[in-house]
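In what follows, a single structure is set out as structure tokens and then discussed.
Rule-based calculations on the coordinates, nothing more; no lab input. From a predicted model like this one, the values you see are computed outputs, not experimental measurements. Virtual Cβ from ideal backbone geometry, glycine too; neighbours counted across all protein chains shown.
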Amino acid sequence: MDKFFLILIFVFFVIKDTFAQQQSFETFLKTHLSESFYEKTQLGMSIVDLSDGKQLSGYQENKWFVPASSLKIITSFVAYSILGKNFQYKTHLVYTGNVDKSGILYGNVILIGSGDPTLGSGRWSQKPDMEALLILITEEIKKAGIKEIKGKVLVDSSIFDDDPVSPTWQWNDIANYYGGGAHGFNISENEYHLFFHRDKEIGQKAGLDRIEPYIPGLEMENEVTVGPSGSGDQSYIFTKDSNYDKVVRGSIPYGKNIFKTKGAIPEPAKFMAYRMYDNIKKAGIICSKDAFDQAGSREAVTDTLVSFVSPELSQIIKTANAESINLYCESLLKTMGYLHSGKGRRTTGLEVVNRYFDDLGLKSNDVFLEDGSGLSARNYVSPRFFTTFLYKMVARYGQKEVSDMLPQAGEQGTVKGLLADNPEVQSYVRAKSGSMTGIYSLTGICKTSKGKWVTFCLMLNGSPAKESKQNRKQLEKILLAIHKYY
């Protein structure tokens, strides 16, 4: 039997096996789509072989779907390419004017923001949280010999524009912790906490115990009621007549203990200026009454006292994707815009992202992006675009490098519950989830039972399911079939 004939036999069986795999999966998909769940729900799907970029299977793969937080994959990986994996944000504590021999500063103390979304967050064990940061700032001012400030304590957020949110975000999102947007200065992920008493009859008004930390000028009207035990946090904060005039509505679940919810600090720079001013005064440094504010324009710096450096970008991305932190990706988007053109705007960042698509050989008009986090319901991406994008990222950076920035199913963040009933498959899946009302998506990389590595994108739009986990279970069935048949 000659060598050529052996090769033909080998090729025949490979093609036969591939065809059988495809037929088995297509049979599963046909049955799956016949479920009543899909009478109204739209499914988009693409599965691509990571060895050659060829699509193994697709369903409405070229149609636009709202991706929700799966969009973070695109923003974060483009930032990885544009900014570099070792990129770090730097926030500078400076002063202007001069310090005389008696320690009087005839000028301002200014904390200059860089757009760092991680500053003061308690999420990073090697970095100071907000309280530790305030102590460090006060110590550095003392070390400089400053005993009195004749000017003001300021925080400069001018690196980004004054519009922290996308105009297409929903009204019931933008005052809540996940919808605060990206400012030129961010602190403690721009979150404050509301504490409620909820040991009351169902339907009665919950008691707002306190708000922490204190935010000067913030007024909160409480309309939250107590819901059934286990009903989850269904409360939302809305802005009323001004940025500091809020009302919280909805319900929280019945319980004996205090219940905590989160809101978005209205002006993080002004808030931080107040906290710095308050700490400095308590440390014995003399300041004029209420001499704190958000900086207007950049001033000539006399000296830099200290700089605070963020974690490296690769770690920021890993955390952003695992925990689905909108602030992180919105900041990355504006940072790309700033470093490209000196304009820290959402729109400028989107221009950078679209140009990067062109560099990859993707068509930027195959997607429509409104933000960097996926919070807008007017982002549109096709499943095929996602899988091609991930294939090209793997081709450029290697599978391990890309996989390390995607959360592990069953272990991390928003996909910790993914495939909970199939732990033997969990270890083979790295994926980013996305969800909002009527929408659920899973995008990532999977090793199949036959040893093939694939990238996949599964998106549901228009689902009538009342709970996100119902949508997740539908996509888990498809993900298990991908693992089984390919």
Segment 188-264, Kirkwood Rh and Cα Rg, ratio Rg/Rh at 0.97
For segment 230-318, count the residues as N, evaluate 2.2 N^0.38 Å, and divide the Cα radius of gyration by that value, please. 1.60
Over the alpha-carbon set of segment 52-190, divide Rg by the Kirkwood Rh and report the Rg/Rh ratio to two decimals. 1.13
Fraction of antiparallel bridges per DSSP, segment 188-264 only, in percent to nearest 5: 65
Where in segment 189-204 does the label zone of residue 249 land, with the point 7 angstrom along Cα→C-beta and an amide N cut-off under 18 Å? 203-204
What number, in percent, do you get for the relative contact order of segment 351-486 if the mean sequence gap of Cα pairs under 8 Å and at least 6 apart is divided by its residue count? 16
Rounded to the nearest 500 deg cm²/dmol, what is the calculated helix-only ellipticity per residue at 222 nm for the chain, with -39500 (n - 2.57) per DSSP H run of length n ≥ 4? -10500 deg cm²/dmol
Can you list the chymotrypsin sites (Phe, Trp or Tyr not before Pro) in segment 106-180 that are in a DSSP coil and have 13 or fewer other beta carbons within 10 angstrom? 171
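Assuming R0 = 45 Å, what is the FRET efficiency of residue 290 and residue 363, from their Cβ-Cβ distance, to the nearest 0.05?
On the way: r = 54 Å, r/R0 = 1.20.
Rounded to the nearest 0.05, the efficiency is 0.25.
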Do you know the relative contact order of segment 188-264, to the nearest whole percent, from alpha carbon pairs under 8 angstrom that are 6+ apart? 39
Environment charge of residue 470, counting only residues whose C-beta is closer than 14 Å and scoring Lys/Arg +1, Asp/Glu -1: +3
Span per principal axis, largest first, for the Cα atoms of segment 342-486 (Å): 48, 37, 23
Would you please give the FRET efficiency between residue 303 and residue 340, computed as 1/(1 + (r/R0)^6) with r the Cβ-Cβ distance and R0 = 25 Å, to the nearest 0.05? 0.25
Cut-off 13 Å between beta-carbons: net charge of the residues surrounding residue 124, Lys and Arg +1, Asp and Glu -1: -2
Residues in segment 80-100 near a label at residue 124, defined as backbone nitrogen under 14 Å from the 7 Å Cα→Cβ point? 86-92
Cut-off 15 Å between beta-carbons: net charge of the residues surrounding residue 241, Lys and Arg +1, Asp and Glu -1: -1
Using the charge dipole of the chain (Lys, Arg: +1 at Cβ; Asp, Glu: -1 at Cβ; taken about the Cα centre), state which of 369, 64, 301 has its Cα farthest towards the positive end. 64
Between residue 39 and residue 214, what length in nm is gained on full extension when 0.36 nm per residue of separation is reduced by their alpha carbon distance? 58.0 nm
Mean separation of Cα contacts under 8 Å (at least 6 apart) over the residue count of the chain, i.e. the relative contact order in percent, is 22
Less than 24 Å apart at the alpha-carbon level, and either on another chain or at least 8 residues along: which lysines does that give for residue 30? 16, 40, 54, 63, 447, 450, 452, 469, 473, 477, 484
Expressed as an acute angle from 0 to 90° and rounded to the nearest 10, what is the orientation of the C-alpha long axis of helix 130-143 relative to the principal long axis of the chain? 40
Multiply the residue gap between residue 150 and residue 421 by 0.36 nm, knock off their C-alpha separation, and tell me the result in nm, one decimal place. 91.2 nm
Using label points projected 7 Å from each Cα along Cα→Cβ, tell me how many nm separate residue 484 and residue 102, to one decimal. 8.3
Pairwise Cα inverse-distance average, inverted: Kirkwood Rh of segment 330-404 (Å): 13.2
Spin-label model distance (nm) - residue 239 vs residue 30, 7 Å beyond Cα toward Cβ: 5.3
Taking r as the C-beta separation of residue 52 and residue 347 and R0 as 35 Å, the FRET efficiency to the nearest 0.05 is 0.45
Would you kindly state how much longer the chain becomes between residue 323 and residue 467 on full extension, computed as 0.36 nm times their sequence separation minus their alpha carbon distance, in nm to one decimal? 49.9 nm
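How many percent of DSSP beta bridges within the chain run antiparallel, rounded to 5?
Antiparallel: roughly 75 percent of the beta bridges in the chain.
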If one takes the longest principal axis of the Cα atoms in the chain, at what angle in degrees, from 0 to 90 and to the nearest 10, does the Cα axis of helix 71-83 lie? 70
Which three numbers, in whole Å and largest first, are the semi-axes of the equivalent ellipsoid of the chain derived from its Cα gyration tensor as √(5λ)? 47, 28, 18
